[in-house]
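For reference, the structure is listed below as structure tokens.
Every read-out reported here was derived from the displayed coordinates using simple, explicitly stated rules and does not represent laboratory data. It should be emphasised that the depicted structure is a prediction, and the values quoted were computed from it without experimental measurement. Note that we place each Cβ from the backbone using ideal geometry, even for glycine, and neighbour counts take in every protein chain shown.
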Amino acid sequence: MTEAASSAPPLNTPKPVAENVWIVEAPPIRRAGMPLPLRMTVIRLADGGLLLHSPIAYEAGLAAALDALGTVRHLVAPSYAHWIFLRDWRRAYPEARTWAAPGLTRRWQVRASGLRIDEELGDEAPPAWAAEIDQVVVRAGPFAEAAFFHKPSRTLVLTDLVVNVEPERLPAVWRPPARLLGLASERRKAPVYLRLLLQTNRAQVAEAAARLIAFAPERVIFAHGRWFEEDGAARLRQALAWLLHDDREFAGRTVVITGASSGIGRAAALAFARRGARVVLAARRADLLEEVAGECRALGAEALAVPTDVTDAQAVEGLAAAAEAASGWLDVWINNAGVGVFGRYHETDLALHRRTVEVNLLGAMNAAAAVIPRFVRQGSGVLINNISLAAWAPTPFAAAYTASKYGLRGLTASLRQELSDHRDIHVCGIFPAMIDTPGFAHGANTLGRSLDPGPLLYRPEDVAEAFIRVARRPRAETAVGWPSSASKLAYAAAPQPFAASINGFMRAVLSRAKPAPRTSGAVLTPTADGRGSSGGWLQAKRLPSARVLTAATLAGVGLAAVGATAAAMARRRR
């Protein structure tokens with residue numbers, strides 16, 4: 001296995017590493033006094049434009065060398081620490097567009113510098129390079145990094161997720177600190193401080209890491225230290241092993257997940273794969289389903305993709321048969337496929353209402369008909385239905401969705417009663433609050449008003465972790481998020497006032513909503529939109545998840561209460 005040395009001469013000179021890919025080594029920069037090697041990556045796109053990834057210090061000679069390769073059209077600051085030289089490049093190439101990691105534009109240092117950033121990078125590549133480059137954004141707290149995968153050359157370009165500094169290139173006095181911080185090449189992973197930060201959002205970061213490994217890169221270039229010239233996929237897996245490692249509590253168990261191509265299903269597939277489960281994935285979008293299966297395999301799990309329309313009973317039976325054939329046993333089945341239609345009932349094509357009920361309710365019934373006989377034959381199994389808080393509290397302008405979820409809740413409870421004489425067969429319901437998924441984009445909208453799910457959004461990974469807990473220790477009903485539990489209690493205690501309040505709230509929101517195109521979404525046929533777990537709402541709103549927001553609020557209230565109590569006690573002592 002080959003690693004290419006960093007800061008090797010000649011400096012400030014493009015060196016070809018693959019077709020249409022160059023690296024440029026820069027003189028070391030100093031961070032807290034420590035000299036760190038630095039590297040820029042240059043990608044030439046099909047239109048002849050150059051993309052500069054993590055630009056190093058501007059130099060006229062380097063600019064001339066780049067001009068000989070193509071036209072500089074894109075300047076990319078892929079992480080929070082890799083933007084400081086952008087302003088000089090911007091001056092030299094005023095027509096180039098500047099792209100930055102999410103949130104970089106809000107940092108005071110960037111605002112104070114006067115640097116103009118044109119676009120923020122997201123989880124999906126922009127049209128400017130989507131045909132040639134895939135991108136994955138890794139987020140955790142104040143950290144964000146956009147990784148680029150150049151598809152024609154199978155080259156993955158990172159900045160700080162992997163650091164591989166050669167100790168022999170450091171002054172002797174800096175070698176012990178470099179090893180202590182995890183920068184030295186013996187470790188070949190992120191620095192210690194970054195690993196601690198990434199742990200705060202481990203589930204999503206691990207999902208991103210799995211996507212990077214699933215690219216199966218031939219080479220991996222990063223900003224600091226020796227990069228991986230060969231065996232990129234194996235070296236990358238080794239470098240990210242600390243992140244992908246998890247307990248293997250589901251090793252040897254088979255988990256079937258419908259609706260697994262995006263949103264909650266995708267997050268669940270990766271959550272079970274990290275824990276060693278054999279995952280059998282079903283959805284309509286075959287290409288995307290295979291992509292998710294590849295990410296699960298990158299986590300070390302067995303994964304089988306079975307394109308399935310859950311409204312087709314024979315197809316669902318085929319799914320169960322394929323899962324059983326792969327493993328000989330079915331342990332957990334998760335009915336997660338779901339669609340919705342938003343609009344006035346009488347103004348909406350009945351075909352959309354019918355399809356919503358067919359997917360959400362009849363799809364689960366088809367699955368139950370396929371899997372329950374197998375559970376009975378085995379003597380064990382866990383059936384999990386992903387329902388909704390809408391099964392506890394009706395929602396206006398979503399009549400078919402509400403009806404399907406009420407029906408699914410009833411189906412779940414009835415099956416649980418029927419199977420009560422089988423002590424090791426469990427039928428469980430999950431009731432999520434509002435979740436940040438592509439489901440809002442996939443749903444039909446016949447009202448002609450924009451949909452905004454509001455600020456209290458949970459992440460798909462929160463629901464995936466609920467699936468894990470229930471698969472581990474089955475329970476009849478599990479709410480994800482306090483709004484779900486609160487809706488259940490409020491509607492049970494005062495159904496009419498609560499329904500009236502929801503109705504009034506929805507009408508008030510819609511009165512202020514912007515016009516939007518009327519669309520059938522992905523209800524009748526699959527669409528290409530919405531390929532990840534997240535729907536991007538929290539990122540767009542620049543909000544933490546409701547779970548984090550709630551915890552911070554409770555902590556603040558608790559601290560205020562402690563402070564008030566302490567102040568009261570102090571006054572009494574006086």
* Asked: Which shape class applies to segment 425-514: rounded if a/c is under 1.5, otherwise prolate when a/b exceeds b/c and oblate if not, where a ≥ b ≥ c are the square roots of the Cα gyration tensor eigenvalues?
  -> oblate
* Structure fact -> Counting sequence-distant residues (5 or more places) and residues on other chains, those with an amide H built under 5 Å from that of L121 are A100, A101
* To do: Please provide three numbers in whole Å: the alpha-carbon extents of segment 254-551 along the principal axes, with the largest listed first.
  => 54, 42, 40
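Return the Rg/Rh ratio of segment 3-244 with Cα-based radii and a Kirkwood Rh.
Computed over Cα atoms, the ratio is 0.93.
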* Loop-located trypsin sites (Lys or Arg not before Pro) in segment 302-409 whose Cβ has at most 12 other Cβ within 10 Å (DSSP) -> R344
* Structure fact -> Non-local residues with an amide H under 5 Å from the amide H of I29, with H modelled 1.01 Å from N and Pro and chain starts lacking one, are L36, L38
* **Cut-off 13 Å between beta-carbons: net charge of the residues surrounding G481, Lys and Arg +1, Asp and Glu -1** => -1
* Please report the relative contact order for the chain, taking Cα pairs under 8 Å with a sequence separation of at least 6, and give it as a percent rounded to a whole number. => 10 percent
* Selection from A303, W227, V427 lying farthest towards where the dipole of the chain points positive, charges on Cβ -> V427
* Rounded to two decimals, what ratio of Rg to Rh does segment 1-94 give with C-alpha atoms and a Kirkwood Rh? -> 0.95
* Structure fact -> Between A60 and K151, the two model label points (7 Å from Cα along the beta-carbon direction) sit apart by a distance in nm of 4.1 nm
* To do: For E19 and R472, calculate 0.36 nm times their separation in residues minus their Cα-Cα distance, and state this gained length in nm to one decimal.
  => 158.2 nm
* Structure fact -> Listed by chain and number, the lysines with an alpha carbon less than 28 angstrom from that of K15, same-chain partners under 8 positions apart left out, are K151, K189
* After finding the eigenvalues of the alpha carbon gyration tensor for segment 355-406, what semi-axes result from the square roots of 5 times each, listed largest first in whole Å? -> 27, 12, 5
* Kindly put T550, T356 in sequence by how many other C-beta atoms sit within 10 Å of each C-beta, fewest to most. => T550, T356
* To do: Could you name the lysines whose alpha carbon sits less than 23 Å from that of K488, not counting residues in the same chain fewer than 8 places away?
  => K405
* To do: Estimate the FRET efficiency between D287 and D47 by the formula 1/(1 + (r/R0)^6), using the beta-carbon distance for r and 35 Å for R0, to the nearest 0.05.
  => 0.85
* Amide hydrogen neighbours beyond the local backbone of L240, cut-off 5 Å, H modeled -> none
* Relative pair counts by distance (%), Cα atoms of the chain, 10 Å bins -> 3, 16, 24, 23, 18, 11, 4, 0
* To do: Order by neighbour count: D287, D331, D421, fewest other Cβ atoms within 10 Å first, most last.
  => D421, D287, D331
* Structure fact -> Within segment 446-517, DSSP-loop GluC sites (Glu not before Pro) with at most 10 other C-beta atoms within 10 Å are none
* Structure fact -> The exposure ranking of H353, H346, fewest beta-carbon neighbours within 10 Å first, is H346, H353
* To do: State the extension gain, in nm to one decimal, for the chain segment bounded by D452 and E418, taking 0.36 nm per residue of separation less the distance between their alpha-carbons.
  => 8.3 nm
* Structure fact -> Karplus ³J(HN,Hα) for segment 503-519 (6.51 cos²θ - 1.76 cosθ + 1.60, θ = phi - 60°; Hz, whole; x = Gly/Pro) runs 4, x, 5, 4, 5, 5, 5, 5, 5, 9, 6, 7, x, 9, x, 7, 8
* Spin-label zone in segment 406-439 - amide nitrogen under 18 Å from a point set 7 Å from the Cα of L549 along the C-beta vector -> 432-439
* Structure fact -> In degrees, nearest 10, the alpha-carbon axis of helix 546-573 is tilted away from the dominant principal axis of the alpha carbons of the chain by 90 degrees
* **Viscosity 0.890 mPa s, 25 °C: Kirkwood-radius Stokes-Einstein D of segment 498-548 over Cα pairs, µm²/s** => 170 µm²/s
* Give the angle, between 0 and 90 degrees and rounded to the nearest 10, that separates the Cα long axis of helix 482-493 from the longest principal axis of the Cα atoms of the chain. => 20 degrees
* Asked: If the cut-off is 18 Å between C-alpha atoms, which lysines fall inside it for K541, apart from same-chain ones fewer than 8 positions away?
  -> K514
